[in-house]
Amino acid sequence: MEDLDPPRPSRRALLQAGAAASLLWVGGARALAQPEASPAPANRSRPLPSRAITLRINASDQLLDLDPRTTLLDALRHQLGMTGSKKGCDHGQCGACTVLVNGRRINACLSLAVMHEGDQITTIEGLANGDLLHPMQAAFIARDAFQCGYCTPGQICSAIGLLQEVRAGWPSHVTEDVAVHSVSLSDREIGERMSGNLCRCAAYPNIVAAIRDAAEEA
Ligand code: FES
Ligand code: FES
């Protein structure tokens, strides 16, 4: 009688088929486990269109054509060649880049240049009047309030901003009576208010003395 059962696969054929199926499964699982590389953002490497702005720096208008992501510090140093303002950390931690904007001290490394159209920006280069030093500059020299000098432009700009804040009656964290409008500028007040300006040479005692002198003179 004729055998109607289908031919039975050999043991070797079964093993080969199993191995092939395993390889296919592993490949599929890998494909699932590894997400496809995300496509690069279209404009990540493309420069932004530059922007023309006018900055008023040390009472003089400066025309600039810059990438809108440029910080005020980089615009000063790299585009205008005004290297008095220093770059220490570029992260708002050392105060070396301090400049005055409308009389208030800011860290130029944390602020975009395009934000300052119409502002009055004062840098260390704009403090002296010809050969006549600003009283704060003179006090720093008289008190020998620096060693390497790298932090000094930021210290001086910051100290000038500090005196304006004290004059306006702004309290600090160490002001004993915040309801009093006239703040007495003790060494502790000066230290606290200058805490955003670091000096790696540790010229702090002389810096405090210089600011005290300038405050008394003012
Ligand atoms: S360079 Fe701006 S705070 Fe240090
Ligand atoms: S004088 Fe050198 S860092 Fe201050």
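The values are calculated or read from the model by the stated rules, or taken from the named source; none is laboratory data. Here the structure is a predicted model, which means the values were calculated and not measured. Positions of Cβ are backbone-derived with ideal geometry, glycine not excepted, and every protein chain shown enters the neighbour counts. Keep in mind that these areas ignore ligands, DNA and RNA; they rest on the heavy atoms of the full protein, side chains included. Shrake-Rupley method; radii C 1.70, N 1.55, O 1.52, S 1.80 Å.
Mind checking whether some residue in the stretch 197-213 is polar (S, T, N, Q) and in contact (Cβ under 8 Å) with a residue 24 or more places away in the chain? Checking the stretch 197-213: at least one residue is polar (S, T, N, Q) and in contact (Cβ under 8 Å) with a residue 24 or more places away in the chain. May I ask you to verify whether Pro47 is under 26 Å from Val166 (Cα atoms) and over 20 Å from the mean Cα position of the chain (by Cα)? So Pro47 does not fit the description; no.
Among the residues here, Leu80 does not qualify as surrounded by 22 or more Cβ atoms within 10 Å (Cβ to Cβ), more than 11 Å from ligand 1 (Cβ to nearest atom), at pLDDT 95 or above and over 19 Å from Leu162 (Cβ atoms). In summary, Asp177 fulfils each of the numbered conditions (1) at pLDDT 95 or above; (2) on the phi < 0 side of the Ramachandran plot; (3) not aliphatic (A, V, I, L, M) with the single exception of condition (1). Of all residues in the stretch 116-157, those satisfying the criterion of being open to solvent by 60 Å² or more (accessible area, probe 1.4 Å) and within 16 Å of ligand 2 (Cβ to nearest atom) are Ile141, Ala142, Arg143, Asp144, Phe146, Gln147, Cys148, Tyr150.
Give the number of residues within the stretch 138-157 that are part of a loop (DSSP other than H, G, I, E, B) and in contact with a helix residue (DSSP H, G or I) (Cβ under 7 Å, 6 or more places away or on another chain).
4
In the list Ala20, Ala37, which residue meets the criterion of being at pLDDT below 95 and either touching a strand residue (DSSP E or B) at 6+ places or on another chain (Cβ under 8 Å) or open to solvent by less than 90 Å² (accessible area, probe 1.4 Å) (or both)? The conditions single out Ala20.
For the structure I just gave you, tell me whether Gln93 is within 16 Å of ligand 2 (Cβ to nearest atom) and either outside any loop (DSSP other than H, G, I, E, B) or on the phi > 0 side of the Ramachandran plot (or both). I'd like the intermediate steps shown before the answer.
On the way: within 16 Å of ligand 2 (Cβ to nearest atom): yes; either outside any loop (DSSP other than H, G, I, E, B) or on the phi > 0 side of the Ramachandran plot (or both): no.
So Gln93 does not fit the description; no.
Taking Val166 as the residue in question, decide whether it is hydrophobic (A, V, I, L, M, F, W, C), assigned to a helix (DSSP H, G or I), away from ligand 1 (no atom under 16 Å from the Cβ) and not assigned by TED's automatic domain parsing to the domain that holds Ile57. So Val166 passes the test.
Applying the set (1) open to solvent by less than 20 Å² (accessible area, probe 1.4 Å); (2) not in a helix (DSSP H, G or I) to His173 leaves exactly one unmet item: (1). Residues in the stretch 186-205 that are of a type outside the set (Phe, Trp, Tyr) and surrounded by fewer than 19 Cβ atoms within 10 Å (Cβ to Cβ): Ser186, Asp187, Arg188, Gly191, Glu192, Ser195, Gly196, Leu198, Arg200, Cys201, Ala202, Pro205.
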